[in-house]
Amino acid sequence: MDKPQMSDPAEQSGSDKTPAKQRVTSCLLCAAFFGAFGSSFLYGYNLSVVNAPALYIKAFYNRTWMERYNESVRAETITLLWSITVSIFSIGGLFGALAVSWLLKILGRKGTLLLNNIFAVIAALLLTFGESARSFEMFIIGRFIVGVDSGIALSVLPMYLGEISPRHIRGSIGQFNSILICLGVFFGQVLGLPELLGQESRWNYLFSFLALPAVLQLCVMPFFPESPRYLLIERRDEAAAERAFQRFLGKKDVSLELEEVHAEARVQKTLHTVSVLQLLKNRGVRWQLITVLVTMASYQLCGLNAIWYYTSSILHEAGFADNIVPYITLSTGGVETFSAIISGLVIERIGRKPLLIFGFSAMAVFFSLLTVFLNFQDSVSWMPYLSYFCILAVIASFCSGPGGIPFILTGELFEQSYRPAAFMIAGIVNWLSNFAVGLLFPFIQESLETFAFLVFVGVCIVAPIYLFVVLPETKSKTFTDINQSFAKINKVPVPSTTHEMKLVPCIEQDKNGEVQNVFKMESSF
């Protein structure tokens, strides 16, 4: 039986060793891709999939109402039902975010991702068969359930990706979340074309597609390891953590990676997952929490969701025929995906902080230009082309940093025991902000008209200023190093990896009498 190796913390720490450049394994890439395909891809797909069949869905609501009550539905009732259909997705996301901490404690990272697929399959069935069952209630409930799926996915997937990745490529692997969101939006646009599923006789099959990524993830993800950090720190199973590291990293000797996790465990005051209330009370993570709240709120309030409001009208003003507008609109999804991929390729060279600051700042510039161009759109024939260019530039700027890095930062700024609560809070802010934009922007647009985007310019100016002043660069740093970089602003002592608590290896017998390696906590004083 192999004896667990424990190096002397005074001689070696995961935070003072720069990891040697190593190849990216197929296991790591496949775990990231299939994890994101069954999670963030579905979120992106659901953002765009309801746009193409909107008229057909409303017609289905009208027919159902006529069959039930023998009268035509009033216009305000249809508007209300459609508003509920669209907005309940965000409400479901909020419920999903609220359940994350509890699910993670019971099932772990991979187990929660696998369970989440059940919600996607149930939603696909309700959304697909709602029309044939003559029940718009089924359709609305399906939108709520797929919102729950997205709320869980956007919290658990970034956490899993951050914990399975070597720190020198943690940002690139984390960007799989953003890339697959953009790819999901693009697929929703493509499948919604009239030649494919965007027809009255086939629109419900758009929602059948939801089951495909979920079923594929259910079939594939069980063959990938659980997060090694979760296994070692929370489950105290070093043997399983070592095997997980070996598969993800493609090497046999993972002693440095294990020691890095041990070092993180030693500086934590507890190895038990803390509650949201405990996180809010802890002064040692106060500015990490504020930073996550600012970046996640800015992610939704920067105005990208509102940009879709003008896309079709600008294309019509530019003189494009109605029948080709959907195809030109595909360029927005293509630009999203391309920009997210480029961001994933350069994030480890440029860093999180510069990409965030550049992305928000560029959005402020192009929103300002878009406001100018919209005001002169009727006076100059070629002005709509400039307006559409600004829309594409805003989308590219968003996906270069603000579109994915807030999720990466939420995982990086907190140590293991605080991470589930932090993602729960970030998820709540994310979905509440999403709901607020959907609810308030129509009123803002009605009041300010073409000047409505100036509201988002303010957000895009404030966010980079805050990030420039407060956020340290996190690329290639251990979670312990990142936590220590906030010690001064939090006005707490810098935690030491040689004190506080440490894991001590022991040999015990389980209920079946088999010998196994376990770890217990002891004070290092």
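What to note about this one:
- Carbon/sulfur fraction of accessible area - the stretch 154-248, other protein chains in place, 1.4 Å, %: 65
- Among the listed pairs Lys105/Lys488; Lys105/Lys353; Lys251/Lys477, those beyond 23 Å (Cα-Cα): Lys105/Lys488; Lys105/Lys353
- Residue-count net charge about Arg134 - beta-carbon cut-off 12 Å; Lys, Arg +1, Asp, Glu -1: -1
- Positive minus negative residues near Arg352 (Lys, Arg vs Asp, Glu; Cβ under 12 Å): +2
- Sequence ranges 72-79, 475-482, ranked by mean other-Cβ count within 10 angstrom, highest first: 475-482, 72-79
- Whether the stretch 71-153 is rounded, prolate or oblate, judged on the alpha carbon gyration tensor where a/c under 1.5 counts as rounded: oblate
- Of Met424, Met221, the residue with the largest accessible area leads and the full order is Met424, Met221 (1.4 Å probe).
- Cα gyration tensor shape for the stretch 222-262, rounded if a/c is under 1.5, else prolate or oblate: oblate
- Taking 0.36 nm per residue of sequence separation and removing the Cα-Cα distance, the Leu448/Val346 pair yields an extension gain of 32.9 nm.
- Relative contact order, percent, the stretch 201-309 [alpha-carbon distance under 8 Å, six or more residues apart]: 15
- Proximal charge balance of Asn483 [Cβ under 11 Å; K/R count +1, D/E count -1]: -3
- In the context of the full set of protein chains, the chain has a per residue accessible area of 42 Å² (1.4 Å probe).
- Mean sequence separation of contacting Cα pairs (under 8 Å, at least six apart), scaled by the length of the stretch 302-387, corresponds to a relative contact order of 38 percent.
- Sequence-separation-based contact order of the chain, relative, with Cα cut under 8 Å and 6+ spacing, percent: 23
- Whether the chain is rounded, prolate or oblate, judged on the alpha carbon gyration tensor where a/c under 1.5 counts as rounded: prolate
- Helix 255-267 and the longest principal axis of the Cα set of the chain meet at an angle near 90°.
The values are calculated or read from the model by the stated rules, or taken from the named source; none is laboratory data. Computed from a predicted model, the values in this text were never measured in an experiment. So basically every Cβ, Gly included, is an ideal-geometry build from the backbone, and we count neighbours across all protein chains shown. Quick note on the areas: whole protein, heavy atoms, side chains included, nothing else; ligands and nucleic acids left out. Shrake-Rupley method; radii C 1.70, N 1.55, O 1.52, S 1.80 Å.
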